[in-house]
Amino acid sequence: MCGIVGYTGAKEAAPVLVAGLRRLEYRGYDSAGMAAVEAGSIELRKQAGRVQVLEELLRWDPVAATNGVGHTRWATHGRADDVNAHPHVGGREGRRSVAVVHNGVIENYAALRRELEAEGFAFRSQTDTEVVAHLMARELERGDEPLDALLRVLPRLEGTYGLAMVTADRPGELLGARLGSPLVVGVGEGEHFLASDPVAVAPYTANVAYLQDGEAVRVTPRDFEVRHRERGPIAPRIDRIDWKPDAVELGGHAHYMLKEIREQPDTATNACRGRLVRAEGSARLGGLNMTARQLRRVRRVVLAACGTSWHAALVGEYLIERLAHLPVEVEYAGEFRYRNGPLDDRTLVIVLSQSGETADTLGALRESRRRGHPTLAIVNTVGSTIAREADGGVYLHAGPEIGVASTKAFSAQVAVLALLALHLGRLRQLSFTEGAAVVDALGSAPALIGEALKAEPAVEAAADRIAQARSVLFLGRDLHYPVALEGALKLKEISYIHAEGYPTSEMKHGPIALIDPQTPSVFVAPRGPLHAKTLSNIEEVRARRGPIVSVGLADDEDLARLSDHVLPIPDAPEVIQPLLAVVPLQLLAYHVARIKGCDIDKPRNLAKSVTVE
Ligand code: AGP
């Protein structure tokens, strides 16, 4: 989950690297560092802490070079301290012949470290990455091209890597390689970049070349050369970033998370743009790469994902079963990939991922493809590994999501799953009239999400109460059970208050034992066929003096009578209600974390994209 930036061109590298690292800091923020080649030797600046610490270090001890690599770290091996911060240098007797930054895990690093120590290489850190630096240093001693040296090192590495490096004898030249962890080349005019995410280079160029697994690259100010470990020279494809650089700016909002919560009306618009076909009462999804006949043959759907994407998948289960009458199983990707469940050859596997790089989800995708299942990916990040390796898929078009706590991606995933459920349903039994109603509902979602955002003042009042809680229960029925789970995840991951989501019906089977005046319950309770049952469950909590926050209609007098706080949402067709109900819960988590003074965009221990198992 670390951030990698490299630059070579005419500009001073340090400011470019620091600016890029700031844009990537949401990916991991335990430490930051950079290395550059200056007058034939490698300058190294690195320290535990945020990118700001590196910036201050560079103010005191600047580096004037016009090339370099930078890194923000999410610790996997070794504590988050100065010594373990990247870059790591390689060379005998303390010589710095190469500096390396790395994202991923070298699983055989211990054996490699023993081998290198036996040859006299002295290690300074506890990281797995340092073995790459010394392996490179050893190969460079043979005196041939650094890219050839790198291509000899890569087969020794087991695990995953996105690598970027500079070598002392080649000022102005960067090297990179990828296996299971993203790396792109930013293609500029007289300058080139390396980055683990195009977000880092967006202010300088919209042209990027996504490296594929097994590829290595040599980058100079004028050009770049890609070679595959086995296949040799590769003609890279240049893609164009489809969003504007300011999409990653705060734009006057206090936090990225708040900005992205408030972007959700546009998110719903963008997810559905060009995909609603009112005249057919259906949805058009271009990238499925599956014919209507192939889709009709599908007898079961498996949705595999992690975290928030798993919650979106749970909403998808209800939608696909309701609209397409297809049995759906939702699986934690990390479990699904090893469980070896009995799936027949009529099973379609769909993975969901905002980043498109989550290791567990990628593993589930690869295992499904290995077993011969057709696979689809619902992904936000264009050109990401998961997007490229699935047989087909649907992009969210939500733009970069910077806040570590996922918000707009959840909404986009739910909207796309509704489109997919509609598409599958209209290939089966769903009538034109029923399909047209879904089209109209999705078309009305942006405005209704905008209405739901107006609940913020009521949310702030409830947040004061929740911020004192030791633990919070989130409860919802049917389509709102996944929304309750998502509300609980949001609260716990940015405010560090323990929270659990349950189906409301489950309250009396155990969780009700937790109810007391210090343990609030948050009910997702818009009107619907199960509303009366939910009101009964709320009464059970009131009878035990549990504080109650409810998400529901502003004119629901029964709900208001029973609740200490009502977070109002507009009435809406059932199929889009999750898109509305999640908004006050996202805002609730945000304001509770704000009240508690938590680091909302970079919560402790987390990273935006979990590219390790
Ligand atoms: C959600 O707020 C978390 N950041 C996390 O659970 C995330 O949803 C999960 O890691 C999956 O990420 P992905 O969608 O990029 O695969």
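Just so you know, all these numbers are worked out from the coordinates, no wet-lab data involved. These figures come from a predicted structure and were not determined experimentally. Counting neighbours? That spans all protein chains shown, and the Cβs are built from the backbone with ideal geometry, glycine included.
Annotations for the structure displayed:
- Filter pass, ALA247 being touching a residue at least 24 places away in the same chain (Cβ under 8 Å), in a helix (DSSP H, G or I) and under 30 Å from PRO584 (Cβ atoms): yes
- Helices (runs of 4 or more DSSP H) (entirely within segment 467-568) containing at least 2 residues that are without any contact (Cβ under 8 Å) to a residue 24 or more places away in the chain, over 30 Å from ALA607 (Cβ atoms) and more than 35 Å from the chain's Cα centre (by Cα): 531-542, 557-562
- Residue count for segment 332-358 under the criterion of being within 16 Å of the ligand (Cβ to nearest atom), in contact with a helix residue (DSSP H, G or I) (Cβ under 7 Å, 6 or more places away or on another chain) and either acidic (Asp, Glu) or more than 29 Å from VAL105 (Cβ to Cβ) (or both): the result is 1.
- Condition broken by GLN429, with the remaining ones in (1) away from the ligand (no atom under 13 Å from the Cβ); (2) of a type outside the set (Phe, Trp, Tyr); (3) touching a helix residue (DSSP H, G or I) at 6+ places or on another chain (Cβ under 6 Å) satisfied: (3)
- Filtered residues of segment 337-365 (kept if over 16 Å from the mean Cα position of the chain (by Cα) and within 24 Å of GLY476 (Cβ to Cβ)): ILE350
- Candidates GLU43, GLU56, filtered to the one that is surrounded by fewer than 17 Cβ atoms within 10 Å (Cβ to Cβ) and charged (D, E, K, R): GLU56
- Qualifying positions in segment 382-415 - away from the ligand (no atom under 13 Å from the Cβ), in a loop (DSSP other than H, G, I, E, B) and of a type in the set (Val, Ile, Thr): VAL382
- Cβ-Cβ contacts under 7 Å between residues 6 or more apart (or on different chains), taken from a first residue in segment 378-400 that is touching a residue at least 40 places away in the same chain (Cβ under 8 Å) and under 18 Å from ARG240 (Cα atoms) to a second residue that is in a strand (DSSP E or B) and away from the ligand (no atom under 11 Å from the Cβ), are listed as VAL382/TYR395; GLY383/TYR210; GLY383/ASP239.
- Scanning segment 287-303 for residues that are out of contact with any Pro (no Cβ under 8 Å at 6 or more places or on another chain), part of a helix (DSSP H, G or I) and not hydrophobic (A, V, I, L, M, F, W, C) yields a total of 4.
- Among residues of segment 360-372 being touching a residue at least 40 places away in the same chain (Cβ under 8 Å) and in contact with a strand residue (DSSP E or B) (Cβ under 7 Å, 6 or more places away or on another chain), the one that is nearest to ARG296 (Cα to Cα) is SER368.
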